[in-house]
1. Among the residues that make up the stretch 54-65, is at least one of them modelled with pLDDT under 95 and surrounded by fewer than 24 Cβ atoms within 10 Å (Cβ to Cβ)?
2. Among (1) surrounded by 18 or more Cβ atoms within 10 Å (Cβ to Cβ); (2) modelled with pLDDT of 95 or more, there is one condition A94 misses while meeting the rest; what is its number?
3. Within the stretch 170-200, track down each residue that is open to solvent by 70 Å² or more (accessible area, probe 1.4 Å), more than 13 Å from the chain's Cα centre (by Cα) and under 14 Å from A28 (Cα atoms).
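The values are calculated or read from the model by the stated rules, or taken from the named source; none is laboratory data. Predicted model only: the values in this text are computed from it and were never measured. Glycine gets a Cβ as well: all are built from the backbone with ideal geometry, and neighbour counts include every protein chain shown. Keep in mind that these areas ignore ligands, DNA and RNA; they rest on the heavy atoms of the full protein, side chains included. Shrake-Rupley method; radii C 1.70, N 1.55, O 1.52, S 1.80 Å.
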Amino acid sequence: MRRLVFAVLAALPAACSAPDYTPVRDWARTASLAADFPAGRLPPPVSEDVREGALAMREALATYLAALGRMADDGVLPYPENPFVELAPQAGRAGTGGEQPVAALGAVLRRATRQNWRAPQLRGAIGETDPSVQALVQALTAAIGRNADPNEPPVIAAARAQYSAIIVRIGEDHALLRARATDITDEDVVELVRAAEDRLRRAMLALPRPSIPAAGPAP
């Protein structure tokens with residue numbers, strides 16, 4: 001019994017000093033929701049290939065960000081196989097270079113699951129995935145612009161620009177996490193991450209909401 005008590009007491013300092021990645025978790029979850037803007041609210045496509053490619057890239061980015069939030073919460077990832085095997089070639093249909101970063105992020109999620117990456121591996125995961133995240137952001141925003149109709153109404157063009165700006169912001173925020181990975185739990189960095197999460201939340205709420213058709217007469 002005495003040995004057990006000593007073992008518990010010895011473990012207490014380590015438990016108390018465990019890093020708190022809650023701000024990263026909150027940012028990642030908000031970023032995932034913002035990236036996963038419902039397709040029905042986006043402007044209609046000009047090209048089916050570009051539309052399908054953009055949707056695949058959007059799904060991959062949102063899934064990766066959700067996984068990052070789960071890892072920050074010390075959760076286990078559910079991807080024993082690459083979850084983007086089908087999404088990668090679909091992303092390539094847009095012709096903006098999205099196939100490679102989608103495939104790379106899927107490979108990391110597979111390895112993270114098999115090696116049981118959790119909160120202690122968060123900083124390394126952010127550093128490893130950032131080049132692919134930046135490439136994916138660039139490919140997705142290019143697809144959003146390529147899919148635009150030059151004659152579309154200004155309100156639709158504005159909605160497209162709003163969503164594209166959110167994707168760019170996600171890339172910038174992720175680059176910040178990578179740059180400050182070594183001191184990501186310091187007070188000044190925590191404030192930066194929380195401010196980034198607040199900006200994303202506000203930008204997401206500012207996106208146009210879908211119109212609800214009026215109810216027809218009862219049959």
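1. Among the residues of the stretch 54-65, at least one is modelled with pLDDT under 95 and surrounded by fewer than 24 Cβ atoms within 10 Å (Cβ to Cβ), which makes the answer yes.
2. (2)
3. R178, L192, R194, R199 - these are the residues of the stretch 170-200 that are open to solvent by 70 Å² or more (accessible area, probe 1.4 Å), more than 13 Å from the chain's Cα centre (by Cα) and under 14 Å from A28 (Cα atoms).
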